[in-house]
Each structure stands twice: as structure tokens, then as C-alpha cells.
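The values are calculated or read from the model by the stated rules, or taken from the named source; none is laboratory data. Keep in mind the model is a prediction, meaning the values are calculated, not measured. We place every Cβ from the backbone using ideal geometry, glycine too, and count neighbours over all the protein chains shown. For the accessible areas, the whole protein counts, side chains as well, though only heavy atoms, and no ligand, DNA or RNA atoms are used. Shrake-Rupley method; radii C 1.70, N 1.55, O 1.52, S 1.80 Å.
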Amino acid sequence: MANNPYKNKVIYNGTTLLDLTGDTVAPDKLLLGYTAHDASGAPIVGTASGGSGGSAITIVDTPDTHGGTIRTITAVSLEDDTVEASVMLSGYTAHDSQGQAVTGTISTKTSSDLTASGATVTVPAGYYASQASKAVASGSVTAPSSISGTSATVSTGTNTLTLTKSVSVTPNVTTAGYISSGTAGNASVSLTASVTTQAAQTIYPSSSDQSIASGRYLTGAQTIKAVTTSNLTAANIKSGVTVQVGDSSDPDRVLSVTGTYSGGSSKNVQMYLGTDSRTANSYGATAVTLTVAKTGIYNVSWTAWRSSSQGTMGTNLHRNSTSGTNQQTWTSTYGQQIELTNQSYTAGDVLTLYATSGSNSRTINVANLIIEEQ
Amino acid sequence: MAISKVILNGTVLMDVTEDTVTADKLLYGEQATGADGQKVTGTVTAISEAFIASLFS
């Protein structure tokens, strides 16, 4: 008795007031969650769930009206139950899958539980049986009278309003249809617009490419002149020679003509039509000279005369130098036409007339040196 | 009348008034004292599901 801290029997003046000593109740004999005192007087809580695992099977016998017994068997499986305290409302109880009693912890909330700080409303976790709301203070802002830059912001509380400046621009459109400049509708904003123009001009084709500069508004017609090709015909161009007008990379170039003309050969004729006089008593060159332009066989002629009848005089035609071949020696007392035939000259040869007036100092005239290719 | 609580000189010697045990919460044949101080005999029989299943097999 000394080891039992509980009381299990009370006898007063020989009368037993309360006696638990005969009780057989124990936690495993009492259904889960129910309370009693066992035979020792110790308080106990029932743990019996009946059946195995998370199930409860109970048999309850009750007397019927005929003196018999009605046995009611109830089997409830708890194994699939998912209930736990965190998903149940506070104050409600149930049994979990292991048959353990659980009591809900979800608190019930109302609008009075909502709090507001500025524009933020805090909604605590919990169960709201009906709609909840919380009013927040309204705010207002005043727009600035002017905006520096492109935008401005105004704030109240945690709200920010951004204002963007809009400027209306009135362009100055010329009668030609382009914008020469622009002015802004707001005096605090400066806008400048301009367009580079190109007046009317005429472009003449040349041997090199020409272009009109980019980024320009053309205020006048840009005229590119045509190429005259009226005489560029095959008959006028030497046979086999191609004359092209326009760039070779242009499939639509103006013209490309290959000549067909094969006309006859030409003859070279050169003449010195001046007059030169020489007064001397010895042999010497005159100013009458020619440089042969084309190699060939030539007929040659010149004229010589003396100023008076004063003895024998003569003219010689030299080729390239005084030491060159003496082409003709002529002596006469009168003027006459001298002719040579079948003279072979090479282009670049220099022909010079020489004159001699004999032993006395006399004057001889030479003129009209002509060479004609045969 | 059954006694469910005994107080001696202000000291509670025994108190079963808060117990929730009843016959239908106590296993069949077991004895306990109810909150009213009356003796209670259990009427609940706990058996396994396998046993119940065997009854209907």
C-alpha cells in the first residue's frame, strides 16, 4: 500500500464508500481515448482500437424484448484515413490511420483577424467560414505642373505613378512636298529637322562612273543625257574592230558594234610649200626639208630658180644628212621643175634640199618639195 | 446511491466523476467504475478483421 500513490478504496466508519479494487479495467481494455481509474486507483486512458492496425471492430450486445441478446458487430477500417491535426479544424477530433486520436489545430478566422499596413493586407492562415475583407486607406497624388526631361514619377505610400511627356511637333512642309524643318509645340523643347536637297541637274556620260549622292531629297529632275550613236555603224568601223558604248557589265548597254569596213589602201603625200633662198658661193643646206611619215616608194619633185643669169647653179636633195645619198644633182642657168622616181624612204627619214650657186656669190631659190607614195 | 467522489477534510481522496468509461467503451466482461460510481461491465468485443472475415467466408 505504501508503494501505491493512488487511492483505490475508501471505507468510512466501516462502510465502503468507493472501491475500485475489483475493477479489471486497463488501458488495453478500454476503447481508445476514454478514461477510467484502474484497480490501483491510477487514472488510465483507453488504447484499445479493436482489430489489427488502423481498424476498429466492436461487438455490442443488447437485450431484446424476448429475453435474448442482439449482437451488433461494427467494423471500421482506418488504414486509408489521411486525417491529421494540421488539416482539421481546431476542436474537432478523429482517429488517424493507426487508430490514434487526433485533435485539429486549424484555427477559425474572421475579418477581424485581417490587418493592413499601407497597401499591404495580411491574411493569417486559418479557416474562414465566410468571406473576409479589410479596407485600406485610399490615396491621391497631384501631378507636377511641369516635367523636366521625358518623364516624371509621383508616389504615395507604396504606389508610384509615372507621367510621360508628349510633345507635338508641327513640321514645315514645303510646296515641293518635303519637310525643310520642324518646330515643337512646347517651347521648352527644341527640335531641329532638316533635309539635304538636290536640285535639278544634267549628268553627261563620261568614261568613268558617276553617281547621285544618297540621303538627298530630289527637288528637281535628274537628267542623264543620252549617247548619240548615229554614225556608229558597222559600215563605218574597220572590219573586226568592236566599238562599245556603255559598260560591258550592263546587258542593256547602249551599243556594241563590230565593224565591217575594209576600204582600199591609202597613199602618203607630203609637201613643203614654202620658199627658201640661199646666197652663197659654196654648197649648203636650205630650210626646205621634210620628214618622211611612212615607209614606201616615192616620186619626188621640187622647184628651183635663180635670181639672175650668173653662171651655173644647182640643187641636191639629201637624205638624212649632208653626207647622205645625193639624190639629184641639177645644174642649170634657168629655173625648172626637178623630178625623181622610185625613191625608197623609211619613215623618219629627213629630206633636205641643198643649193649651190657656183663660185660667185649668187642667190638661188628652192620651193615646193613634194613626195608622193606610189 | 453510488459514490463517485470522496473528500475528507477538504482533501479529495478519490474522484471518478471525470471518467468517461461506459459499458459500450469497455471490452466485453471487463469491470470498471463509471463516473457515477456505478460498476460497469464492458460489452465491447474486439476481434481481428481476419476473424470477422472468416465469419462471412
Scanning the range A:122-158 residue by residue, the ones that are among the hydrophobic types (A, V, I, L, M, F, W, C) and under 25 Å from A:Val87 (Cβ atoms) total 4
Considering only strands (runs of 3 or more DSSP E) wholly within the range A:286-347, the ones with at least 3 residues that are at pLDDT 75 or above are A:296-306, A:313-319, A:336-345
Pairs returned, first residue in the range A:23-39 that is more than 7 Å from chain B (Cβ to nearest Cβ), second residue that is open to solvent by less than 40 Å² (accessible area, probe 1.4 Å) and aliphatic (A, V, I, L, M), beta-carbon separation under 6 angstrom, 6 or more apart or interchain, are A:Pro27/A:Ile44; A:Asp28/A:Ala48; A:Asp38/A:Val25; A:Asp38/A:Ala26; A:Asp38/A:Ile44; A:Ala39/A:Leu20
Per the filter on the range A:208-250, residues under 30 Å from A:Tyr261 (Cα atoms) and charged (D, E, K, R) are A:Lys225, A:Lys238, A:Asp247, A:Asp250
Residue hits (the range B:15-33; at the interface with chain A (Cβ under 8 Å from one of its Cβ atoms), under 18 Å from A:Val45 (Cβ atoms) and not β-branched (Val, Ile, Thr)) are B:Glu18, B:Asp19, B:Asp24, B:Lys25, B:Leu26, B:Leu27, B:Glu30, B:Gln31, B:Ala32
- Would the range A:71-79 turn up any residue that is over 60 Å from the mean Cα position of the chain (by Cα), surrounded by fewer than 16 Cβ atoms within 10 Å (Cβ to Cβ) and modelled with pLDDT of 80 or more? no
Checked against (1) more than 8 Å from chain B (Cβ to nearest Cβ); (2) at pLDDT below 90; (3) not in a strand (DSSP E or B), A:Gly50 satisfies every condition except (1)
